[in-house]
1. Do any trypsin sites (Lys or Arg not before Pro) in the stretch 55-119 lie in a DSSP loop with no more than 15 other beta carbon atoms within 10 Å, and if so, which?
2. Sort VAL271, VAL207 so the one with the fewest other Cβ atoms within 10 Å of its own Cβ comes first.
3. Mind listing which trypsin sites (Lys or Arg not before Pro) in the stretch 151-206 are in a DSSP loop and have 15 or fewer other Cβ atoms within 10 Å?
4. With a cut-off of 12 Å, note down the residues of the stretch 205-220 whose backbone N falls inside the zone around a label point 7 Å from the Cα of LYS295 toward its beta carbon.
5. Which trypsin sites (Lys or Arg not before Pro) does the stretch 10-98 hold that lie in a coil by DSSP with at most 14 other beta carbons within 10 Å?
6. May I ask for the longest run of the chain untouched by GluC sites (Glu not before Pro) that are loop-located per DSSP and have at most 14 neighbouring C-beta atoms (other than their own) within 10 Å?
7. Arrange VAL178, VAL78 by Cβ neighbour counts within 10 Å, fewest through most, would you?
8. What is the gain in length, in nm to one decimal, between ARG54 and VAL77 on full extension, counting 0.36 nm per residue of separation less the C-alpha to C-alpha distance?
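Every read-out reported here was derived from the displayed coordinates using simple, explicitly stated rules and does not represent laboratory data. Since the structure is predicted, the reported quantities are computational estimates derived from the model, not experimental observations. Don't worry about glycine lacking a Cβ; one is built from the backbone with ideal geometry, like all the others, and counts go over all protein chains shown.
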Amino acid sequence: MAEATFTNATQVLEPFRGIKRVTIEEYFTSGHRTCQGCESALIMKLMVKAAGPRTIVLGSTGCMYVANTTYYTTPWVVPWMHTQLGSSGSAALGTAAGLKALMAKGKMKSEPINVIAFCGDGGGADMGIGAISATLTHKEYNSLILLYDNESYANTDIQLSGMTPYGANTTFSPPGKVIRNIHTRWKKNMAGMMAAGHPECRYVATVCGSYAVEMMNKVRRALTIGGPTFIHSLDPCPKGWDYDPMLSHEMGELAIETGLFPLYEVEDGVVKYYGKTKALVDGRKRKPIREYLLKQGRFAHFTEEDLSYFQAKVDEMWEKWEIPAVIPFRRMDASKAALEAK
Ligand SMILES: Cc1ncc(C[n+]2csc(CCOP(=O)(O)OP(=O)(O)O)c2C)c(N)n1
Ligand code: SF4
Ligand SMILES: [Mg+2]
């Protein structure tokens, strides 16, 4: 039998050294129907620009499927496939495995092809978390899962997800006269969870479209390093968050400057902070969370008490977590440990 030529080789995508070095070609073009100011659409554009033409994109149901593929139109220039709402993980793994098998059998030219599966917060952090977790254990297949987090089930009219922030007004959690905050759960920590729980996953990162070059370089790093990789993107959504679409970039910046959404990567277990998040780690003052929350209609019902609670939770991420804003573990303090040892 002929020797299989296929290896786990990846495309080597060097980082873009500044905005002027970014390639001009677009693989997510006009022809979509997302809302004005939609940061998730920008993330799609940056993601595939970073990956380049030898890429297959798979997308689970949600705004980035529905608004991007109205019947007979699509902005995707690369091969694109829709997958079921909770299936981004299985789609990524199956496609990567299928390509590998076809190449090993000599039925396809052997070459590294990027496989990227995206999912929303509903499809990825709630429904599809099991399949994503399974994929992140398969080091023999190269794939990137990108979770675009607009903090709701946006496509079906802004329902609450496990990634919706505390207290937000959604169609499932409208503030009432008797109960002001229907939604009182704190948001899941997806990137931290994926990094901490998947030793075979060599690369996890957080990104925001407000920092486009950094975002693209993290995609390029994930695809270059290979194996299963994961990126979590925080995407301001004018419709669901209820703000003027022209403020999308500012909203992303505020999420980072207040410390609510840290920008970092974990490569082979080493945490590296980026940009303004790094400045916060190095001691710069975090902006008060109210500057971010009060610009959004979904928090318009917040009282001073709610704002203080939210601020205290963000402070906790930075002041109490063992790896600030990344992993919510704390060491047992020495005096308590000594007491318990008696
Ligand atoms: C199994 C299943 N349940 C429900 C739906 C209906 N549905 C389509 S898109 C969507 C919202 C998905 O939310 P998210 O993954 O956060 O993506 P977004 O719409 O916010 O971009 C829902 C509930 C579906 N397509 N499949
Ligand atoms: S609802 Fe939000 S995520 Fe969906 S297309 Fe509009 S801005 Fe984008
Ligand atoms: Mg969503």
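1. Of the trypsin sites (Lys or Arg not before Pro), the ones in loops of the stretch 55-119 whose Cβ has at most 15 other Cβ atoms within 10 Å are LYS105, LYS107, LYS109.
2. Least crowded to most crowded, the residues run VAL271, VAL207.
3. Here the sparse-neighbourhood loop sites are LYS177, ARG180, ARG185.
4. Backbone N within reach: 210.
5. Those satisfying the criteria are ARG17, ARG33, ARG54.
6. The segment 201-321 is the longest one with no such site.
7. Lowest to highest Cβ neighbour count: VAL178, VAL78.
8. Taking 0.36 nm per residue and subtracting the Cα distance, the gain is 7.2 nm.
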